[in-house]
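Okay, so here's the structure we're looking at.
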Amino acid sequence: MNIDFGVSSACFYPVETEKSLELTGEYGFRNVELFLNSHSELSDEFVEKLIGIKDKYNLNIVSVHPFASFAESFYLFSNYYRRYTDILPLYDKMFEVTGKLGASFFVFHGAKLTCSISDDEYCERFRHLIDMGKKHGIQVCHENVVHHRCESPAYMKMMRDNIGDDFKMVLDIKQAHRAGFSPYEFIDVLADSIVHIHISDRNSEKDCITPLKGVFDFPEFFRTMEKTGYNGKYIIELYEWSYETREGIADAYDNLCKLAESI
């Protein structure tokens with residue numbers, strides 16, 4: 001089975017962004033999801049530094065994850081409309097940087113469950129962000145995140161039905177589990193919208209551990225996604241506390257590649 005794996009720079013957080021990108025190159029991970037962690041990392045000088053590291057290791061930056069995810073409810077989806085319009089230039093700059101880095105996808109968390117605006121208004125604002133991203137040659141993609149509106153397949157489907165084919169999503173295995181859903185529930189209703197996938201494993205004690213160290217059935221998952229026609233990347237996304245060594249991530253990457261060849 002021909003599958004492309006990659007690693008998120010989030011695995012190395014709180015190591016600085018440029019050093020995290022360097023680490024992905026040193027470990028031989030060609031496909032990368034890059035977390036930008038501060039406003040200064042949007043500067044032309046800093047972006048050129050990232051591009052230099054990317055070129056040095058021949059990296060493929062697949063997606064960009066912004067530092068503003070924690071505040072998207074407050075900035076983008078509150079009833080105070082001026083706050084929404086005032087923050088749009090920051091997102092336009094992040095979309096511009098995403099394009100400059102050669103990434104295809106911008107990962108978006110969206111509003112928390114407590115968000116007070118209507119579903120129609122939510123979709124309208126997200127549609128506008130999608131259109132802004134298009135101007136920079138990127139797709140703004142909504143991730144399923146626990147305690148957020150899009151934690152459920154039903155809400156994601158509502159957005160897809162409202163927005164249409166422009167709606168794209170990032171499927172995160174651990175976030176689905178945390179919200180009480182199987183990733184297959186998202187696949188059943190949103191397979192055509194899934195363009196990017198975050199993978200991790202889990203066991204009886206932790207809901208995020210290194211792939212192939214827990215109970216998740218990766219062969220079944222890969223076969224299911226192949227049947228849907230998915231041709232995107234599978235990005236290992238872990239937290240600093242969820243693995244023992246960085247070498248363990250490299251081992252997981254290698255073992256996933258071997259597994260894919262054997263399926």
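The values are calculated or read from the model by the stated rules, or taken from the named source; none is laboratory data. Since this is a predicted model, take the numbers as computed values, not measurements. Methodologically, a virtual Cβ is constructed for each residue, glycine included, from the backbone with ideal geometry; neighbour enumeration extends over all protein chains shown.
Sub-7 Å Cβ pairs linking a first residue in the range 59-70 that is closer than 13 Å to Ser20 by Cβ and free of Cβ contacts under 8 Å to residues at least 40 places away in the same chain to a second residue that is outside any loop (DSSP other than H, G, I, E, B) and of a type in the set (A, V, I, L, M), at least 6 apart or interchain, are Leu59/Val32, ordered by first then second residue.
Could you please find all residues in the range 166-205 being charged (D, E, K, R) and under 16 Å from Ile236 (Cα atoms)? Hits for the range 166-205 are Asp172, Lys174, Asp201, Arg202. If you take the residues of the range 25-58 that are of a type in the set (Phe, Trp, Tyr) and in contact (Cβ under 8 Å) with a residue 40 or more places away in the chain, which of them is surrounded by the fewest Cβ atoms within 10 Å (Cβ to Cβ)? Among those that are of a type in the set (Phe, Trp, Tyr) and in contact (Cβ under 8 Å) with a residue 40 or more places away in the chain, it is Tyr27.
Among the residues of the range 190-220, just one is within 26 Å of Leu59 (Cα to Cα) and aromatic (Phe, Trp, Tyr), namely Phe218.
The residue list Lys135, Lys174, Lys168 contains one member that is farther than 18 Å from Phe106 by Cα and either hydrophobic (A, V, I, L, M, F, W, C) or at pLDDT 95 or above (or both), which is Lys174.
Scanning the range 59-77 for residues that are surrounded by fewer than 19 Cβ atoms within 10 Å (Cβ to Cβ) and either over 25 Å from Ile117 (Cα atoms) or hydrophobic (A, V, I, L, M, F, W, C) (or both) turns up Asn60, Phe67, Ala68, Phe70, Ala71, Phe74. Note down all Cβ pairs under 7 Å where the first residue falls in the range 202-227 and is under 17 Å from Gln175 (Cβ atoms) and at pLDDT 95 or above, the second is in a helix (DSSP H, G or I) and of a type in the set (Phe, Trp, Tyr), and they're at least six residues apart or on different chains. Short answer, once both residue conditions are applied: Pro211/Phe218. For the range 111-167, a residue qualifies if it is more than 28 Å from Lys100 (Cα to Cα), basic (Lys, Arg) and surrounded by fewer than 18 Cβ atoms within 10 Å (Cβ to Cβ), and the qualifying residues are Lys112, Lys157. If you go through the range 143-165 one residue at a time, do you hit one that is under 16 Å from the mean Cα position of the chain (by Cα), polar (S, T, N, Q), closer than 20 Å to Ser78 by Cα and modelled with pLDDT of 95 or more? The answer is yes, given that some residue of the range 143-165 is under 16 Å from the mean Cα position of the chain (by Cα), polar (S, T, N, Q), closer than 20 Å to Ser78 by Cα and modelled with pLDDT of 95 or more. Does Glu220 satisfy being out of contact with any Ser or Thr (no Cβ under 6 Å at 6 or more places or on another chain) and more than 26 Å from Asp188 (Cβ to Cβ)? Here the answer is no, as Glu220 does not meet what is asked.
Just one of Lys168, Lys157, Lys174 is more than 24 Å from Ser118 (Cα to Cα) and among the basic types (Lys, Arg); which is it? Show your work before the answer.
Values: Lys168 fails: more than 24 Å from Ser118 (Cα to Cα); Lys157 fails: more than 24 Å from Ser118 (Cα to Cα).
Criteria check complete, one pass: Lys174.
Among the residues here, Asp192 qualifies as surrounded by fewer than 20 Cβ atoms within 10 Å (Cβ to Cβ), of a type outside the set (Ser, Thr, Tyr) and out of contact with any Cys (no Cβ under 7 Å at 6 or more places or on another chain). Regarding the range 235-254, can at least one residue be identified that is among the β-branched types (Val, Ile, Thr), in a helix (DSSP H, G or I) and at pLDDT 95 or above? Yes - at least one qualifying residue is present in the range 235-254. Going through (1) surrounded by fewer than 16 Cβ atoms within 10 Å (Cβ to Cβ); (2) more than 17 Å from the chain's Cα centre (by Cα); (3) closer than 30 Å to Leu259 by Cα one by one, Tyr80 falls short only on (3).
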